[in-house]
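Here's the structure we're looking at; comments come further down.
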């Protein structure tokens with residue numbers, strides 16, 4: 001078992017609202033050993049950055065809240081530079097980078113969003129990945145494509161980097177090394193920018209680091225990981241179909257065991273997300289139709 005210092009960062013703006021899931025992930029991860037730590041992190045517009053203490057069922061949780069003042073400290077010339085700053089689309093990677101700057105003592109950083117669920121024993125999920133080699137372990141690794149919605153956000157100063165020469169990876173549950181976070185930080189400081197799902201895998205591969213798809217049925221999944229941990233659809237590129245994607249918003253996980261599911265939303269959020277999804281899709285298709293004229 002990996003005995004290097006590592007931490008699980010649970011991304012949520014409201015720890016109390018996802019208390020049961022948060023505490024379950026925390027307990028499972030900390031069973032890996034005394035080298036493991038846990039914290040909640042979030043970006044909150046108009047908030048002052050700082051560490052809050054949250055007590056959930058008698059358990060004290062550190063909640064690292066980042067506001068616009070923290071984003072301003074990054075000093076990236078392009079990535080997340082537009083003001084007013086918006087986390088979406090494509091800037092959800094900035095809170096983990098801020099955490100790395102503040103707490104560089106960890107060798108590995110695990111990150112999970114609060115709408116990720118696992119229909120199995122969570123400790124076994126973590127234990128099965130703890131010794132897996134790779135600078136970034138994530139899902140749905142795929143080649144970039146010009147038709148991807150956010151492909152136009154990619155910028156690599158000094159390089160004629162086409163979307164087809166880039167990479168995509170899904171970042172709702174992942175493990176990344178401290179060295180890989182530092183490399184991404186350097187590239188962003190040098191002017192690189194892209195949607196996080198396009199930026200991370202592209203930067204790491206350009207910098208000679210490894211990106212591992214830890215399951216599913218994609219083109220770049222190793223045999224030892226194939227059809228494990230989440231269900232994917234062969235040859236669907238970055239469509240993220242299956243159990244662990246973005247299109248199928250669920251109220252609860254499916255029945256199949258030992259599978260990652262995303263997104264799992266409570267009823268009010270489920271309805272809100274479906275509305276947002278339809279509006280977003282309509283706007284995108286309308287824009288595409290307008291551009292084609």
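Run through all the Cα pairs of the range 23-164 and give the fraction in each 10 Å bin from 0, expressed as whole percent.
Over the range 23-164, the share of Cα pairs per 10 Å bin runs 8, 31, 35, 21, 4, 0 percent.
Go ahead and estimate [θ] at 222 nm for the chain from helices alone: -39,500 (n - 2.57) per DSSP H run with n ≥ 4, summed, over the residue count, rounded to 500. Display every interim value, and only then the final one.
On the way: 7 runs with 84 residues, N = 293.
After summing the helix terms and dividing by the residues of the chain, the value is -9000 deg cm²/dmol.
What relative contact order, as a whole-number percentage, does the range 6-262 give when Cα pairs under 8 Å and 6 or more residues apart are counted? Display every interim value, and only then the final one.
Details: 504 pairs, mean separation 48.4, N = 257.
Taking the mean separation of contacting Cα pairs over the length of the range 6-262, I get 19 percent.
Could you tell me what a quarter of the Cα convex hull surface of the range 220-275 works out to, in nm² with one decimal place? Walk me through the intermediate numbers first.
Details: hull surface 17.3 nm².
For the range 220-275, the mean projected area of the Cα convex hull comes to 4.3 nm².
For Rg and Dmax of the Cα atoms in Å, one of [x] 18.4, 60; [y] 20.0, 67; [z] 25.0, 92 was computed from the structure I shared and the rest are decoys. Which label?
Recomputing Rg and Dmax of the Cα atoms in Å here picks out [x].
If I build a Gaussian network model for the chain, linking alpha-carbon pairs within less than 10 angstrom, which residue out of 105, 256, 283 has the largest mean-square fluctuation?
283
Since every read-out is calculated from the coordinates, none of them should be taken as a lab result. Being a predicted model, the structure only gives us computed values, none of them experimental.
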